[in-house]
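The values are calculated or read from the model by the stated rules, or taken from the named source; none is laboratory data. Please read all numbers here as calculations on a predicted model, not as lab measurements. Cβ placement follows ideal geometry from the backbone for every residue including glycine, while neighbour counts extend to all protein chains displayed.
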């Protein structure tokens, strides 16, 4: 899989969800430029045995430079990578949870510098409170996504074996 096949720009739905969450929960990010890239390569945290749904990173100087355009004169500030395999399996509420979690990592210091912060625990206290109605949503989605990924791998392996004869 080449890099051009692995990543693609998120669609209107993902950006609408991002913008709604910024307005609802993260008003301090209102002027922040965030790019969402979908990642076709499923990521698994082998140590924890769970699927990684998404990650956020600070845009480096090269990414800022390459993303400059008429709307983003200074380029983007953050990039959110979403595992499209898990995203397709997630319901609307889980999708909101995934993006909300990633936005919790974003921080702007007193001087206006963009930063990333770590979890205060395994997740964020604020996210745990917001997800009291379904505290195991992440584990549930991960189990289903991992099972589906294992099934796909087994089918691909069987197809290769059959092709060999």
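Computed values, structure above
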{"read-out": "Selection from segment 61-77 of residues that are surrounded by fewer than 10 Cβ atoms within 10 Å (Cβ to Cβ) and over 16 Å from residue 114 (Cβ atoms)", "value": "69, 70, 71"}
{"read-out": "Flag if residue 23 is at pLDDT below 95, within 18 Å of residue 107 (Cα to Cα) and part of a helix (DSSP H, G or I)", "value": "no"}
{"read-out": "Matching strands (runs of 3 or more DSSP E) fully within segment 35-130 where at least 2 residues are under 20 Å from residue 147 (Cα atoms)", "value": "43-45, 50-52, 78-83"}
{"read-out": "The one condition in (1) surrounded by 18 or more Cβ atoms within 10 Å (Cβ to Cβ); (2) at pLDDT below 95 that residue 47 fails to fulfil", "value": "(1)"}
{"read-out": "Residue 37 being surrounded by 15 or more Cβ atoms within 10 Å (Cβ to Cβ), at pLDDT 95 or above and under 18 Å from residue 127 (Cα atoms)", "value": "no"}
{"read-out": "Every pair of residues 6+ apart whose Cβ atoms lie under 6 Å, when the first sits in segment 147-162 and is within 17 Å of residue 46 (Cα to Cα) while the second is surrounded by 11 or more Cβ atoms within 10 Å (Cβ to Cβ) and at pLDDT 80 or above", "value": "149/42"}
